[in-house]
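J.: Could you have a look at this structure, given as structure tokens, before my questions?
The values are calculated or read from the model by the stated rules, or taken from the named source; none is laboratory data. In this text, all values refer to a predicted model and were calculated from it rather than measured experimentally. Cβ atoms come from the backbone with ideal geometry, glycine included; neighbour counts cover every protein chain shown. The protein model used for the area step is the full one, side chains on, heavy atoms only, and it has no ligands, DNA or RNA in it. Shrake-Rupley method; radii C 1.70, N 1.55, O 1.52, S 1.80 Å.
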Amino acid sequence: MIFSTTGNKATIDRKLEERSKKLASVDVNLSPDQEAYLKATASEIVSFIADGKWTASAVLEAYIQRSVQAQEATNCVTEIMFDEARLRAKELDVDFASTGKIRGPFHGIPFSLKTRLTVAHLDDYEGFDSTIGFTQWANKPASEHATLVAQIIDAGGVPFVKTNVPQTMFASGGESALLALDGSALGIGSDIGGSLRMPPAYCGVYSLKPGSGRVALGGAQDPNPTFEGIKCVTGPIARSLTDLHLFCRTIFGLEDPTGIAAPLPYRETQLPTKLKFGYYTSDEFIKASPANKRAVLETVDALRKQGHECVEFTPPGALVIFLALTSADSYKKMLSHLGPDPMDASLRLAVYGARAPRFLTALVGWVLRTFLKDPKAADVITSAGSKSYLEYSEWVGRRQQYALDFRKKVWDQYGFDGIIAPVQAMPQLPHGAATNYSALCAATVLYNVLDIPAGVLPVTRVDPEKDALTEEWTKRQGEGSRFMEDQIFRNSKPLYDVASMKGMPVAIQVVGKRWEEEKVLAMMDVVDGALGGRDFGPGACKGMKVDVLVTE
């Protein structure tokens, strides 16, 4: 999302006008036949096309129309690639008509892409921008596809829109909103701190954050491309688990020109009859809200009824390590592309906190420890900021030791197959709350620091009768951050407002060991089956309150 000032207004106006013209050319009135395309999973779309019942062009038009409706409701789309997608779909239809064979596992699937993924020209059409919210990057169309985009097209996929992100690309919000509204059949996001998990959880869709080395990253725009303190990864967002499997079966192991993605194809997984899961409802920084705790406990109860073992444990926190590494240059490189753009309000707390003089952060930390009795918040405050190479390398060493300790004290000691965890302490955040509550990412960054796979699946919806605050939350209990939990649960107007969130999705994370993405998906199948029928998946958006599907 690009913010306007005098210095960048002409660029923004031009981009908005270009997008508006392309959107206005679409008739958004869907026929009953077109609704059937939107209610199909990506896997079913390929199957119907392979059987000769549907065409890629007909499917694409339905998703184009629905994406325009989703854009009007949520501002989830940036680059419009409708005409180019129509040419690709027509080419697929001509090939199928002459050969009777589909081009590949993605044949005819309309794909949406997080805006960072570059898409080059097609025939007489030029490529597309990947601005990630910087006007300085506008009007610089890509000359080459990102590696993953090329792989998707080679497998028969049809990219047709790129989706919105906040400035510097801190989340995959546009992608998740579009999928939740059936505006895309399969989407691609990325994750360095929770972007493949928090937005899908907010919107009631499925996703997989793989570990690094499973999906190619080459050609993707990044405001800090050389940063390796925490690995950024790319992965799928979908409306069904079947489609996550389809993506991974197709993409895992494909050749990566950069050599970063491992030549490790998708491996079918045979799970034991009885699985052992660890679970928790507090990451010891912010405890899960009543709704998020219920989602975890209902999952645990369903798994136990199926004969699986579930053991509660307490994970060691990783937010301090994450923040120390990601703020090591005070975000100078990441924000060096701002030019005339104002800084997004959601970045200010992190950026100004990292740039504060050390004596000031030390003083704030002392006050938090001494008077507010909140050592957790104090550690977070004092870990941020510029570091020398020696200091940075010491934090890298802490990250490495943390991963070793986690393996010994969690995986080895308990013998877990997987972990069931909250995605975040809150089901969703209201508009603008990311400005002050970015520390809620503590629940997701844990698995970025560890660089292990984590999937998201929706479990339930917020129920004011079941999910109201009780003394467990209104009175201080546990070892979390007093400062954060007071604002979320105990203030006169707490952030957690169960009435305003009524009916909104609540999801969980399913976590596995390094290089066990396939097992994570298989365990997600087990969890999904144990929970039984729920109102999620293609078509679930009917009657949904779209005004709360924000792209911030």
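J.: Using the Cα centre of segment 168-250 as the reference point, and only Cβ charges (+1 on K/R, -1 on D/E), how large is the resulting charge dipole? Debye, rounded to the nearest 20.
T.: 220 debye
J.: Roll a 1.4 Å probe over the protein chains and send me the accessible area per residue for segment 481-537 in Å².
T.: I get 37 Å² per residue for segment 481-537.
J.: While we're on this one: On the protein heavy atoms, probe 1.4 angstrom, tell me the percent of accessible surface of the chain carried by carbon and sulfur.
T.: Accessible surface attributable to carbon and sulfur in the chain totals 53 percent.
J.: What Rg and what Dmax come out for segment 272-390 when only alpha-carbon atoms are used, in angstroms?
T.: 19.8, 59
J.: Only helical DSSP H runs with n ≥ 4 go in: add -39500 (n - 2.57) per run for the chain, normalise by residue count and round the 222 nm mean residue ellipticity to 500 deg cm²/dmol.
T.: For the chain, the value works out to -11500 deg cm²/dmol.
J.: In bins 10 Å wide, starting from 0, what share of all Cα pairs of the chain does each bin hold, as a percent?
T.: With 10 Å bins starting at 0, P(r) equals 4, 18, 30, 28, 15, 4, 1, 0.
J.: Please sort by residue number the GluC sites (Glu not before Pro) in segment 261-354 whose DSSP state is loop and whose Cβ has at most 16 other Cβ atoms within 10 Å.
T.: E268
J.: For segment 386-523, report the % of Cα-Cα distances exceeding 28 Å.
T.: I get 33 percent for the Cα pairs in segment 386-523 exceeding 28 Å.
J.: Accessible area, 1.4 Å probe, largest first: how do H245, H431 sort?
T.: H431, H245
J.: Also: Taking the Cα centre of the chain as origin and charging only Cβ (+1 Lys, Arg; -1 Asp, Glu), how large is the dipole, in debye to the nearest 20?
T.: 1420 debye
J.: Going Cα to Cα from K287, which aspartates and glutamates come in below 12 Å? Please leave out same-chain ones fewer than 8 positions away.
T.: E472, E479, E485, D486
J.: Right, another one. What does the charge dipole of segment 409-474 about its Cα centre add up to, to the nearest 20 debye, if the Cβ of each Lys and Arg holds +1 and the Cβ of each Asp and Glu holds -1?
T.: 180 debye
J.: In terms of Cα to Cα distance under 12 Å, which aspartates and glutamates are near enough to K502, apart from those fewer than 8 places away along the same chain?
T.: Answer for K502, where 12 Å is the Cα cut-off: D463, E465, D467, listed by chain and number.
J.: Summing Lys, Arg as +1 and Asp, Glu as -1, what charge do residues with Cβ under 12 Å from the Cβ of T147 carry, T147 excluded?
T.: Within the 12 Å Cβ shell, the charges total -4.
J.: Please list the three semi-axes, largest first and in whole Å, of the ellipsoid equivalent to segment 191-345, using sqrt of 5 times the eigenvalues of its alpha carbon gyration tensor.
T.: Working from the Cα gyration tensor, I get semi-axes of 31, 24, 15 Å.
J.: Specify the angular offset, from 0 to 90 degrees and rounded to the nearest 10, of the alpha carbon long axis of helix 56-74 from the longest principal axis of the alpha carbons in the chain.
T.: 40 degrees
J.: Go through segment 378-483 and name the GluC sites (Glu not before Pro) that are in a DSSP coil and have 11 or fewer other Cβ atoms within 10 Å of their Cβ.
T.: Sites meeting the loop and neighbour criteria: E465.
J.: Next up: My understanding is that a pair violates if its Cα-Cα distance is over 30 Å; which of K21/K332; K90/K162; K162/K231 do that in this structure?
T.: From K21/K332; K90/K162; K162/K231, over 30 Å: K21/K332.
J.: Take every Cα pair under 8 Å in the chain that's 6+ residues apart, average their separations, divide by the length, and report that relative contact order as a whole percent.
T.: Reported relative contact order: 18 percent.
J.: Tell me the Rg and the Dmax, in Å, that the Cα atoms of segment 70-171 produce.
T.: When restricted to the Cα atoms of segment 70-171, Rg and Dmax are 14.4, 46 Å.
J.: Further, regarding this structure: Going toward the positive end of the dipole of the chain, with +1 on Lys and Arg Cβ and -1 on Asp and Glu Cβ, which of Q400, G537, G418 do you reach last?
T.: Q400
J.: Right, something else. For segment 252-340, which chymotrypsin sites (Phe, Trp or Tyr not before Pro) are in a loop by DSSP, counting at most 16 other Cβ atoms within 10 Å?
T.: F313
J.: Just the accessible area per residue of segment 46-149, please: how many Å² with a 1.4 Å probe?
T.: Result: 38 Å² of accessible area for each residue.
J.: Another question, then. Excluding A238 itself, calculate the net charge of residues whose Cβ lies under 15 Å from the Cβ of A238, where each Lys or Arg counts +1 and each Asp or Glu counts -1.
T.: -2
J.: Also, I was wondering about something else. Can you tell me what share of the DSSP beta bridges in the chain is antiparallel? A percent to the nearest 5 is fine.
T.: About 65 percent, rounded to the nearest 5.
J.: If the cut-off is 16 Å between C-alpha atoms, which lysines fall inside it for K9, apart from same-chain ones fewer than 8 positions away?
T.: Reachable lysines: none.
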